Amino acid sequence: MKLTRLFASALAFASMTGAAGLARAAEIEFWYGNTGVVEQAILESCAAFNAGQTRDKVNCIGQGNYEVAMQKAIAAYRAKKSPVLMQFFDAGTVDLMMSGAVEPVSTVLPAVNWKDYLGGARSFYETAKGELLSQPYNGSTLILYGNRDMLSKAGIDRLPTTYEALIEDARKLKAAGIACPFVTDGHPWRVLEQFAARHGVAIASRHNGYDGLDAVYTFNKGPVATHLQNLKTWRDEGLIRLGQDSKAGKYDAAYNTGECAMMEGSTGGYGAAYKALGDKVMIALAPIYEGKSRHNTLIGGASIWIMKGHSAAEIDAAKAFLDFLRRDDQQIEFAGKTGYLPMTGTALAALKASGKASDPHYATAEIGVASLDQPATEDSRGVRLGFYVQFRDIFMKETQKAFNGEKPMQQALDDAAQQGNELLRRFEKTYSGVAMQ
């Protein structure tokens, strides 16, 4: 009889705790902006999280690309239908920071050792007070890619470290019958932001906007302007191609299909390149000009933000998913599948201890971290410029006109700076009286 009562009590307790568990359970959405190899890795992470526990569920929903994802998230937030977790790319950081639509992850998860994150990632996403706004996720940076077989045809056995050497190699490749020695798309992340950071120069005053909303663009003179003019000259000489010049139609596809011998690209593209070319892929630090000191490149890719306006149970589910993604094994697995970098010191140490660091799948970890860890300056922390997503479009539009011969490159850069400054003044007016965090 006693056993029966005990059994009944146990059932009642299990029922109560089960009910409490169900009451806490939440199903949340995580929006992201990647496709291809990276999207597959994200979906596998989501499936592993859902399979590993029963309390919460995360639905990972692709939005096509970073820009579209950001537009949809802003519209959803205004309609009070935003996802709990949102992946935003680096260019949207200051817009989100000023929007008031997000909760800093270091506030929601105060027990996490956020200082374990790589310095370049932390500084990009933290406030002046040291609050980390979002959890770095698919962190990347710029590196140089080469095709071992194509370079070998020109007698080249290692990648160049300077632009002067790169163009010398491009001439050798062309002489060896390689029609596309080097390919780029002229995107500002590659030819403006990463170029300026590793050369230790600013693209805008006030340390790229970190010191105030009254910054103005300055990239239209100095090393950046010289580099853009050089790219135009080298393209006219047939030493480099833009993506639209290639048979593949896109710069990374032109490299991955073996059409072009070299490109500057994100570590996040390594997974797709290695899948296509295997051991032909060579990687190295992105080149600098002779006589210049090398500084750190910027963290790229994206981070995960917690959107305001959700219940405690939904926030608990978000915290559990962020904890899962932050685990060493998950960071290492994601890096091996994509080429993105492990983001914490403990994950990097675990990767080295695992013996996988020499595996070609993890080749970007050493070079990517080395690039991020070069000596930093006040101008290589990152970009804090409002409406920067729109500015990138302006930069692309104007410089493409120069590449196509519609206007001189200097005029294109001046026009881009002028239009960019108009955006900055609109942003400054929009957030008048709101202090930069």
| remark: Expected output for the stretch 332-356 (first residue closer than 22 Å to Ala302 by Cα, partner aromatic (Phe, Trp, Tyr) and in a loop (DSSP other than H, G, I, E, B), Cβ below 9 Å, 6+ apart or cross-chain) is Phe334/Tyr340
| field | Options Ala175, Ala197, Ala170, Ala165: the member that is open to solvent by less than 20 Å² (accessible area, probe 1.4 Å), among the aliphatic types (A, V, I, L, M), out of contact with any helix residue (DSSP H, G or I) (no Cβ under 8 Å at 6 or more places or on another chain) and in contact (Cβ under 8 Å) with a residue 12 or more places away in the chain | value | Ala197
| In the stretch 335-350, what residues are open to solvent by less than 30 Å² (accessible area, probe 1.4 Å), in contact with an Asp or Glu (Cβ under 6 Å, 6 or more places away or on another chain) and polar (S, T, N, Q)? | Thr344
| task | Return yes when Asn34 is touching a helix residue (DSSP H, G or I) at 6+ places or on another chain (Cβ under 7 Å), under 25 Å from Tyr340 (Cα atoms), of a type outside the set (A, V, I, L, M, F, W, C) and not in a helix (DSSP H, G or I) and no when it is not. | result | yes
| task | From Thr257, Thr233, Thr267, Thr297, grab the single residue that is on the phi < 0 side of the Ramachandran plot and out of contact with any helix residue (DSSP H, G or I) (no Cβ under 8 Å at 6 or more places or on another chain). | result | Thr233
| task | State whether one or more residues within the stretch 190-213 are farther than 19 Å from Gly265 by Cα and in a strand (DSSP E or B). | result | yes
| request: Answer yes if at least one residue in the stretch 334-347 is in contact with a Pro (Cβ under 7 Å, 6 or more places away or on another chain), part of a loop (DSSP other than H, G, I, E, B) and under 14 Å from Asn138 (Cα atoms), and no otherwise. | output: yes
| Applying the selection to the stretch 154-197, what residues are small (Gly, Ala, Ser) and more than 17 Å from the chain's Cα centre (by Cα)? | Ala154, Gly155, Ala165, Ala170, Ala175, Ala176, Gly177, Ala179
| Candidate set: the stretch 74-94, residues that are in a helix (DSSP H, G or I) and more than 18 Å from the chain's Cα centre (by Cα); chosen: the one nearest to Ile203 (Cα to Cα) | Ile74
| query | Would it be correct to say that Gly386 is buried (at least 19 other Cβ atoms within 10 Å of the Cβ), of a type in the set (Gly, Ala, Ser) and within 17 Å of the chain's Cα centre (by Cα)? | reply | no
| said: Can you find a residue that is under 22 Å from the mean Cα position of the chain (by Cα), modelled with pLDDT under 95, part of a strand (DSSP E or B) and of a type in the set (Ser, Thr, Tyr) anywhere in the stretch 112-129? | reply: yes
| task | Considering only the stretch 248-300, state which residues are more than 26 Å from Gly382 (Cβ to Cβ), in contact with a Phe, Trp or Tyr (Cβ under 7 Å, 6 or more places away or on another chain) and in a helix (DSSP H, G or I). | result | Tyr255
| task | Please determine, by comparing only the residues of the stretch 391-410 that are touching a residue at least 24 places away in the same chain (Cβ under 8 Å) and either open to solvent by 20 Å² or more (accessible area, probe 1.4 Å) or β-branched (Val, Ile, Thr) (or both), which one is farthest from Gly186 (Cα to Cα). | result | Gln410
| said: Can you list residue pairs whose Cβ atoms sit under 7 Å apart, with the first residue in the stretch 100-120 being without any contact (Cβ under 8 Å) to a residue 24 or more places away in the chain and the second being not hydroxyl-bearing (Ser, Thr, Tyr) and not in a loop (DSSP other than H, G, I, E, B)? Count only pairs 6 or more apart in sequence or on different chains. | reply: Trp114/Arg122; Trp114/Leu132
| Of these, Val94, Val105, which one is buried (at least 22 other Cβ atoms within 10 Å of the Cβ), hydrophobic (A, V, I, L, M, F, W, C) and modelled with pLDDT of 90 or more? | Val105
| remark: Only one of Ala370, Ala353 is of a type outside the set (Phe, Trp, Tyr) and either part of a loop (DSSP other than H, G, I, E, B) or open to solvent by 70 Å² or more (accessible area, probe 1.4 Å) (or both), namely Ala353
| message | Go through the stretch 65-87 and report how many residues are closer than 20 Å to Phe321 by Cα and modelled with pLDDT of 90 or more. | response | 7
| field | Only one of Glu237, Glu290 that is more than 18 Å from the chain's Cα centre (by Cα), closer than 30 Å to Pro375 by Cα, acidic (Asp, Glu) and surrounded by fewer than 16 Cβ atoms within 10 Å (Cβ to Cβ) | value | Glu290
| request: Look at Ser358 and say whether it is among the hydroxyl-bearing types (Ser, Thr, Tyr) and crowded, with 23+ Cβ neighbours inside 10 Å. | output: no
| request: Examine the stretch 253-270 for a residue that is touching a strand residue (DSSP E or B) at 6+ places or on another chain (Cβ under 6 Å) and either open to solvent by 40 Å² or more (accessible area, probe 1.4 Å) or aromatic (Phe, Trp, Tyr) (or both), and state whether such a residue exists. | output: yes
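The values are calculated or read from the model by the stated rules, or taken from the named source; none is laboratory data. Values in this document were obtained by computation on a predicted structure and should not be read as measured data. We place every Cβ from the backbone using ideal geometry, glycine too, and count neighbours over all the protein chains shown. Side chains included, ligands, DNA and RNA excluded: accessible areas come from the protein's heavy atoms. Shrake-Rupley method; radii C 1.70, N 1.55, O 1.52, S 1.80 Å.
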